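Notes follow once the structure below has been shown.
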Amino acid sequence: MADIRIPDCDAASVPLSNGDFLMIDQNLTLPNGAGGFLDDTRYCTPPNISQRALDTEGLSETGGTVIATKGLGNIASGTLTIDVGTRKLQFYSNAGAHILSPGANTGFCYLDITNVTGAGAITTSGWDKVVGSFTTNVGDQFRCLATIGPATKVLKVIATISSGSDTEDWESWLLTTL
């Protein structure tokens, strides 16, 4: 029998009888169980992505995850709405007075804020609870934990580098957020 190749795909998924999908690399041949080979190429997907795994509850993670940060730029005015669905670690520079508000997506993210020249007051709006506060001292840095649930939106602010005396004990803070 001739080999059947999966053309122009980085990977493919083959449906199994139990509803799962078998992810295979490009140019692999698999027997179809009836003496022939699979020849259906409709199931091309991006490499290493299994939609079934992404929306299945109770899965275990056995490896680590590297999180790519998302830079939000220099914020000097207006309202910055945090979308926890874009990345789990986001950062920006406080370059002027602005409002920090929660987005509509549920979930959580960490937000790092660095005060730069022109740093202004950060006003929080739309949060059900805000713990901690911001300064406007140039060079001060903050780590925030934004948690947005279906009923509650909470922002925890901790000064990580501060010219004042308002830095908290990181170990205590981490234990209360885990």
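Listed values, structure above:
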{"item": "The stretch 76-92 - residue that is free of Cβ contacts under 8 Å to residues at least 24 places away in the same chain and in a strand (DSSP E or B) and, of those, farthest from THR136 (Cα to Cα)", "result": "LEU89"}
{"item": "Count of residues meeting criterion [in a loop (DSSP other than H, G, I, E, B) and more than 15 Å from the chain's Cα centre (by Cα)] in the stretch 58-75", "result": "6"}
{"item": "Among residues of the stretch 111-147, those that are in a strand (DSSP E or B) and either basic (Lys, Arg) or more than 16 Å from ALA97 (Cβ to Cβ) (or both), counted", "result": "11"}
{"item": "Residue match in the stretch 122-135 (condition: within 19 Å of THR86 (Cβ to Cβ) and of a type in the set (A, V, I, L, M))", "result": "no"}
{"item": "Residues located in the stretch 104-116, provided they are surrounded by fewer than 21 Cβ atoms within 10 Å (Cβ to Cβ) and in contact with a Lys or Arg (Cβ under 9 Å, 6 or more places away or on another chain)", "result": "GLY107, PHE108, TYR110, ASP112"}
{"item": "Filter result for ALA76 (over 19 Å from ILE158 (Cα atoms), hydrophobic (A, V, I, L, M, F, W, C) and modelled with pLDDT of 95 or more)", "result": "yes"}
{"item": "THR123 being surrounded by fewer than 13 Cβ atoms within 10 Å (Cβ to Cβ) and out of contact with any Lys or Arg (no Cβ under 7 Å at 6 or more places or on another chain)", "result": "yes"}
{"item": "Residue in the stretch 148-161 that is modelled with the lowest pLDDT, counting only those that are in contact with a helix residue (DSSP H, G or I) (Cβ under 9 Å, 6 or more places away or on another chain) and not hydrophobic (A, V, I, L, M, F, W, C)", "result": "THR160"}
{"item": "Filter pass, PHE91 being modelled with pLDDT of 95 or more and not hydroxyl-bearing (Ser, Thr, Tyr)", "result": "yes"}
{"item": "Count - residues of the stretch 92-102 that are surrounded by fewer than 18 Cβ atoms within 10 Å (Cβ to Cβ) and within 18 Å of the chain's Cα centre (by Cα)", "result": "1"}
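The values are calculated or read from the model by the stated rules, or taken from the named source; none is laboratory data. All values reported here derive from a predicted model rather than from experimental measurement. Virtual Cβ from ideal backbone geometry, glycine too; neighbours counted across all protein chains shown.
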